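**Q** Quick one: the structure is below, questions incoming.
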Amino acid sequence: MKRAIFTIAAILLCLTLKAQYNKEIIRQVLMQGDTTYSGQNINFPAGNAAISITKVIIPKGTSTGWHKHENHVFAYVQQGTLTLELENGYSREFKKDSTIAEVVNTPHNGVNRGGEDVVLIVFQTLPGKNQTLPGKK
């Protein structure tokens, strides 16, 4: 019940804030959904949380290395094209101006096969660590 009341209050607040913007301001939703790019549900833990916003640059011809995230990570591709690979062979390409809801607790690798650096703006929920898995593929 508390969650429903909070959700309704949040929606009303957003509508109020939107109405307060100057009419010349352009607002564009870049991502909205409830699953990651591989179909995992997005669930946030109860209690207090923090967020980190980071600019990540992946040079052309390199990869992140196989790793996994304990918490949700979302990214906006500001430049370049990033290919995300899962161990089961599934891969998906994300081009400039696209968004990513990354997988949680699932090993994956981000590969830059393009001719320019990939630049990501990354939003990560905290606490938790980004765990690198050395020696994977």
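The values are calculated or read from the model by the stated rules, or taken from the named source; none is laboratory data. Treat the numbers as computed from the prediction; the structure is a model and nothing was measured. All Cβ positions, glycine included, derive from the backbone under ideal geometry; neighbour counts span all protein chains shown.
**Q** Given the conditions (1) at pLDDT 95 or above; (2) at positive phi; (3) exposed (fewer than 14 other Cβ atoms within 10 Å of the Cβ), report the number of the one that residue 91 does not fulfil.
**A** (2)
Per-residue answers, yes or no, for (1) over 12 Å from the mean Cα position of the chain (by Cα); (2) within 24 Å of residue 30 (Cα to Cα):
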{"position": "70", "(1), (2)": "yes, yes"}
{"position": "87", "(1), (2)": "yes, no"}
{"position": "102", "(1), (2)": "no, yes"}
{"position": "109", "(1), (2)": "yes, yes"}
{"position": "116", "(1), (2)": "yes, yes"}
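**Q** Which of the strands (runs of 3 or more DSSP E) contained wholly in region 1-84 include at least 1 residues that are modelled with pLDDT of 80 or more and surrounded by fewer than 10 Cβ atoms within 10 Å (Cβ to Cβ)?
**A** 50-58
**Q** Something else about it: Can you confirm whether residue 89 is free of Cβ contacts under 8 Å to residues at least 40 places away in the same chain and of a type outside the set (S, T, N, Q)?
**A** yes
**Q** Restricting region 95-106 to residues that are surrounded by fewer than 17 Cβ atoms within 10 Å (Cβ to Cβ) and touching a Lys or Arg at 6+ places or on another chain (Cβ under 8 Å), which is modelled with the lowest pLDDT?
**A** Result: 105.
**Q** Would you pick out the residues in region 85-97 that are among the polar types (S, T, N, Q) and part of a strand (DSSP E or B)?
**A** Once the filter is applied, which keeps residues that are among the polar types (S, T, N, Q) and part of a strand (DSSP E or B), region 85-97 yields only 91.
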